[in-house]
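The block underneath contains the structure these notes are about, expressed in structure tokens.
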Amino acid sequence: DGDTRNPVAFPYSLYFVYYDQYLSIQGIALQSVLLALGNVEYGLPLIVTLFSARWVGNYFNHGIYDIHIHLRQLPFLDWDPPVEGSRMRVKHVMTRHPKSVRTVERAGLIWDYLSLTTHNGFPVVVDDPTFGPKFFAGIILRKQLTVVLAQKDFRSLKPRPFSRHPPQEPNDVAGDAAATCLSYQDMEAAYPNYPEPDVGYTLSDAYVA
């Protein structure tokens, strides 16, 4: 239900708590050493020594906590880009023929894109009288498409102006007529394990729309 205290909804949150505690313990440990010495005049040499040791160690290798984060493949974004990617541009990693979708698209085609590709986002194109038939209008994320398919939100009519409401019950005829759409809570309810096309959602289900 989105509760941050639920370890099932946020399975990696415990590691982030540990990492935050580690940063806090660093300051507490330094203060404890100064108190144990009983003389703060050694504080500046001690700080210079510790920071110098840390910088020299980070030059040759990552910190032990950073190494464990990478070994566990946790989705934690580093402060600095990796060396091999610091000079890369978007053109070096982008595909030459991106899979694009239109504002109104068949669910079967979206199912094929999600099943056959690993793209995290898909460009949305529209017909424009000035710029041509495939004018770039925006990007829709993979997680958004998977949630739309999982919720089977195949109604083409949407409220104008746009408003976010929870989905109605399947047997609620008035809800279909009201043309409600998925809310932000519906989109992020499965974070970070968003649904993916599998045997539970077949092509026969996808091509009904």
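On the beta carbon distance between I67 and I47, with R0 = 25 Å, the FRET formula returns roughly 0.55. Under 5 Å from the amide H of H62 lies no amide H of any residue 5 or more positions distant or on a separate chain, with H modelled from the backbone and absent for Pro and chain starts. Considering only Q151, G57, I69, the residue lying farthest towards the positive end of the dipole of region 32-153 is Q151, judged by Cα position with unit charges set on Cβ.
Cut-off under 28 Å on the C-alpha distance; same-chain residues fewer than 8 positions from K152 excluded. Which lysines are left, in chain and number order? Qualifying lysines at Cα under 28 Å: K99, K134, K143.
Computed from the coordinates by the stated procedures, all read-outs in this text should not be read as laboratory data. As the structure is a computational prediction, the values presented were derived from the model and not from experiment. Methodologically, a virtual Cβ is constructed for each residue, glycine included, from the backbone with ideal geometry; neighbour enumeration extends over all protein chains shown.
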